[in-house]
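Student: Here's a structure for you.
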Amino acid sequence: MKEIKLTNNEIIYQFRLPLNGANMYVLISEKRALLIDCFRDEYLLKLFVKYGIEEVTVVLTHEHWDHASGVEWLREQFPSCKVLCGENAKENLEDSRKNMSSQYKALITLRDRTRKSEVEKANIHPYEFSPDVLFSNREIYTWENHMFQFYFTPGHTSGSVCILLDEKYIFTGDSLVNGNKPVTRFPTGSQKQYDAITGPFLGSLPGEMKVFPGHGETDELKNIIKYIL
């Protein structure tokens, strides 16, 4: 777990999935927690115990197993847990083939059979679930004193979104990762849509905006945008 300070000295907790380095981000206010993407992590529960968390909200950048596999696990711990996603992700979350949770083990072990034990240790299971709240393109959502703006950014998947926080920070999911070109070959992905919609949107943002990517370290947009050029 890593602590990242915002300009107002609030902290975003960054968790990384050991299996492939996917990021999960956590904001805490009083006894409430908001997560951007989620996977199973026992240290997350310890953090929740430390702050006496009673209410959990999960916002998904997209539907893939490394970004949404913790939803059902969290719902077991917090039955009132509310899950939000873009309206285009709903169908994919409800289909284990489209969200790739039924295929990820084969995909990882085909590349490297020595990672079979890591895959089993990750304890990720195929899932098909429905979100609680669907948001539309450019919709605004407020949580505590924060404003979130959602932008549909198809390409990696049809349900991918980027999330602006207080117009200062952006959570990009796998629409922009630090260190690699975004992947558009998975189910519902489209390089054509990425080039037409997502690339221009990201290119229109201030270069100094801090990016919280789906994989890799946080950095200013001007230092990461090179991966989509």
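Student: Restricting attention to the stretch 54-68, which residues are touching a Cys at 6+ places or on another chain (Cβ under 8 Å) and either assigned to a helix (DSSP H, G or I) or open to solvent by 20 Å² or more (accessible area, probe 1.4 Å) (or both)?
Tutor: Within the stretch 54-68, His67, Ala68 qualify.
Student: Could you list, in sequence order, the residues of the stretch 37-58 that are of a type outside the set (Phe, Trp, Tyr), closer than 20 Å to His125 by Cα and in contact with a strand residue (DSSP E or B) (Cβ under 7 Å, 6 or more places away or on another chain)?
Tutor: Hits for the stretch 37-58 are Asp37, Cys38, Asp41, Leu44, Val58.
Student: Residues of the stretch 122-172 being among the aromatic types (Phe, Trp, Tyr) and more than 29 Å from Lys222 (Cβ to Cβ), which ones?
Tutor: Of everything in the stretch 122-172, those that are among the aromatic types (Phe, Trp, Tyr) and more than 29 Å from Lys222 (Cβ to Cβ) turn out to be Tyr127, Phe129.
Student: Limited to the stretch 145-185, what total is found for residues that are part of a loop (DSSP other than H, G, I, E, B), open to solvent by less than 50 Å² (accessible area, probe 1.4 Å) and over 16 Å from Met209 (Cα atoms)?
Tutor: 13
Student: Any residue at all in the stretch 30-51 that's part of a strand (DSSP E or B), open to solvent by 10 Å² or more (accessible area, probe 1.4 Å) and without any contact (Cβ under 8 Å) to a residue 60 or more places away in the chain?
Tutor: Within the stretch 30-51 (the criterion being part of a strand (DSSP E or B), open to solvent by 10 Å² or more (accessible area, probe 1.4 Å) and without any contact (Cβ under 8 Å) to a residue 60 or more places away in the chain), the answer is no, since none of the residues qualifies.
Student: For the stretch 190-208, how many residues are assigned to a loop (DSSP other than H, G, I, E, B), in contact (Cβ under 8 Å) with a residue 24 or more places away in the chain and within 19 Å of Phe150 (Cα to Cα)?
Tutor: Qualifying residue count for the region: 1.
Student: Separate question: Considering the stretch 151-164 alone, what residues qualify as being without any contact (Cβ under 8 Å) to a residue 60 or more places away in the chain and in contact with a strand residue (DSSP E or B) (Cβ under 6 Å, 6 or more places away or on another chain)? Talk me through it step by step, then tell me what you get.
Tutor: Quick first cut of the stretch 151-164, residues without any contact (Cβ under 8 Å) to a residue 60 or more places away in the chain only: 151, 153, 155, 164.
Within the stretch 151-164, Tyr151, Thr153, Leu164 meet the criteria.
Student: Within the stretch 76-121, work out how many residues are open to solvent by 50 Å² or more (accessible area, probe 1.4 Å), assigned to a helix (DSSP H, G or I) and under 23 Å from Thr57 (Cα atoms).
Tutor: 6
The values are calculated or read from the model by the stated rules, or taken from the named source; none is laboratory data. Predicted model only: the values in this text are computed from it and were never measured. All Cβ positions, glycine included, derive from the backbone under ideal geometry; neighbour counts span all protein chains shown. With ligands, DNA and RNA removed, areas are computed over all heavy atoms of the protein, side chains included. Shrake-Rupley method; radii C 1.70, N 1.55, O 1.52, S 1.80 Å.
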